[in-house]
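Working notes for the structure below.
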Amino acid sequence: MHLDQDTRALEDEQYGLDKIGSYFINMINHALENHSGFGMKALILQLFPCRIDASFIDKWLQIAVKPGIEELALEMSIPKKRAEYNFPSLLLSNEIGGATLESLRLISCSFHPTITLGCNKSLTSLYLSFVHISGEELGQFVSNCLVLAQLSITNCNDIVCFKVPSVLHHLNHFQVGNCEMLQVIEISAPKLSSFVYGDSLIKISLGAEVKRIRMIGSKPNTLCHARAELPSFMPAVERLIVESSCEKVKTPVLSSKFLHLKYLEIYLVDVQLYYQDYFCLVSFLDASPALETFVLHVETGCLLRCDSVLKDLDNGQLHLRQMPECLRYNLKNVIITGFSSATSLIELTNHIVRNASALVCMTLDTARGCGRRTGKTDKCQHMSKEGIMEAQKALEAVNRCIEGMVPSSTNFKALEPCCQCGC
C-alpha cells in the first residue's frame, strides 16, 4: 500500500497546509481503519509536506505492520530542527511483524534499536536518511542482519564511528554520504562489489576487494582525493564513477596506479579550475594501463568562461601541450559530453588520440544532455543561445584541431545539439 500526500487535487486556494494535512490523515484512516494488516506486503508512507502528529503515525504502523509484511517505508519532511518522530523499533520484533520484513526505509526520524529484532533474520535492504542513530546502535543492529545485501546511510549526522563487529557475508552494495560527523568506517563484507560514498572520510576499511565505486563529492578536492587515495585502499577497482560539483583543485600527477581499472566516468559540475585546465585529467589516464572506456561529462555553462582555442588558431599562435613521455593507452571507447572549444579540453582530446592506438570509438558531444542520444529520456537539458553558439565553436575546433588526427579505423563522431536542446 502506497500512501503519499499527493496534493495536486487540492491546489485550490481555499486549502491551506492544515486542511491538506487533515484531508490526508482522514484519507489514510479510511484506507487502514478496516484493514487488519494481515496480508499486507508493503506499506510506503510519504508524509510531506505537512506535519503529522506522532500519534497518527504510531496508529498507522501498528495497523499495517503484521506478520507477512515485506517492505516498510516511512518518509517524512526534513525539519529545520531535530527530527521529532521516534520510530518504534519494537514493531520490528518477531511477534509483531519483523520476522518477514525484507526492506526498511526511514527518512527524517529517530531510530534507536536496543534489542535483537525479528527483522535481523530477514532484512536484505536498509536505507537511512536524516535519521538520528548513533554509530554504536547502527553497528550492532547491522551486525545482527544476517542476510543484509544493500545498506545506504546518508545525512545521518549523529554517527561518528561506524564499526560492525561481525562479518556481513551477503552485503554487496554499500552507500554512505553527507554524514558530517563520520570519521571511521570499519566493516568486513567479503562479497561487497559496489561502494558509493561522498566526501572523503578519515578512515575506511571494508574488508573486501571492491570492484565498483561511485564517489559523489561536494568538496573542492573530490577528484584530487579519488586520484590520490583510491589506488591504495581500493586497489581492485574495475569501474569508477566520480561526481564533483565544485572542483577547485587540479588533479595531481602521481606514481600510484589503478592497475585493474577498465571503466572511468567523471562528472564535472560548476567547476572553477577545470574550465582552465582539463588537461590535468591525463593523470587518471596515465595511472590506468588497463582502462578501456573513458567518459567525461562537463557542464557547458562552466566552459563559456574559458578561452577558446579558436582565438589562438586565428592568430596563428596555437601551441598545444603534449606529455614528454610516449605513452600507449589501452583505451577503446571515449565519450565527452558538453564538449567545447576550451583549449585545455582540445589538448586532452588531442593527447588521447595520439596515445590511444587501439581506439575504436570516440564521440565528442557538444550538447549537455541530449535525451534523444542517451535514450534515458525524451527530453533534453536546455541550452542557452550562448551555449548553442559555443557548440558551433566546438565543432569548428574539432574540425581544425582533432578530426584530421583520428585514424580512419576509429568510429569518430562530433555531434551538435539536436533541435530540442535549444528549446
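Just a few scattered comments:
- Candidates 93, 129 - the one that is in contact with a Leu (Cβ under 6 Å, 6 or more places away or on another chain), small (Gly, Ala, Ser) and open to solvent by less than 40 Å² (accessible area, probe 1.4 Å): 93
- In the set (1) in a helix (DSSP H, G or I); (2) open to solvent by 30 Å² or more (accessible area, probe 1.4 Å), the condition left unmet by residue 231 is number (2).
- Subset of the range 372-422 [modelled with pLDDT of 80 or more, of a type in the set (Val, Ile, Thr) and either over 29 Å from the mean Cα position of the chain (by Cα) or closer than 22 Å to residue 362 by Cβ (or both)]: 398, 402, 406, 410
- Taking the listed residues 174, 162, 130, the one that is assigned to a strand (DSSP E or B) and farther than 24 Å from residue 212 by Cα is 130, with no other qualifying.
- Just one of the listed residues (164, 184, 131, 147) is within 21 Å of the chain's Cα centre (by Cα) and more than 19 Å from residue 110 (Cβ to Cβ), namely 184.
- Residue that is farthest from residue 267 (Cα to Cα), among those in the range 234-251 that are open to solvent by 10 Å² or more (accessible area, probe 1.4 Å) and out of contact with any Lys or Arg (no Cβ under 7 Å at 6 or more places or on another chain): 235
- Whichever residue in the range 300-317 is modelled with pLDDT of 70 or more and open to solvent by less than 50 Å² (accessible area, probe 1.4 Å) and, among such residues, is farthest from the chain's Cα centre (by Cα): 313
- Number of the condition not met by residue 345 [criteria: (1) at pLDDT 90 or above; (2) open to solvent by 10 Å² or more (accessible area, probe 1.4 Å)]: (2)
- Residues that are at pLDDT below 80 number at least 2 in the following strands (runs of 3 or more DSSP E) confined to the range 1-109: 2-4.
- Of the residues in the range 104-126, at least one is among the hydroxyl-bearing types (Ser, Thr, Tyr), within 24 Å of residue 205 (Cβ to Cβ) and touching a residue at least 12 places away in the same chain (Cβ under 8 Å).
- Among residues of the range 250-299 being aromatic (Phe, Trp, Tyr) and in a loop (DSSP other than H, G, I, E, B), the one that is modelled with the highest pLDDT is 258.
- Some residue of the range 168-188 being open to solvent by less than 60 Å² (accessible area, probe 1.4 Å), in contact with an Asp or Glu (Cβ under 6 Å, 6 or more places away or on another chain) and either within 24 Å of residue 134 (Cβ to Cβ) or not polar (S, T, N, Q) (or both): no
- Scanning the range 330-354 for residues that are over 15 Å from residue 403 (Cα atoms), outside any loop (DSSP other than H, G, I, E, B) and more than 25 Å from the chain's Cα centre (by Cα) gives 342, 343, 344.
- Residue satisfying condition, being surrounded by 19 or more Cβ atoms within 10 Å (Cβ to Cβ) and over 30 Å from residue 126 (Cβ atoms), within set 259, 254, 192, 268: 268
The values are calculated or read from the model by the stated rules, or taken from the named source; none is laboratory data. Predicted, not measured: the structure shown is a model, and the values here were computed from it. Note: ideal-geometry Cβ built from the backbone for every residue, glycine included; neighbour counts use all protein chains shown. For the accessible areas, the whole protein counts, side chains as well, though only heavy atoms, and no ligand, DNA or RNA atoms are used. Shrake-Rupley method; radii C 1.70, N 1.55, O 1.52, S 1.80 Å.
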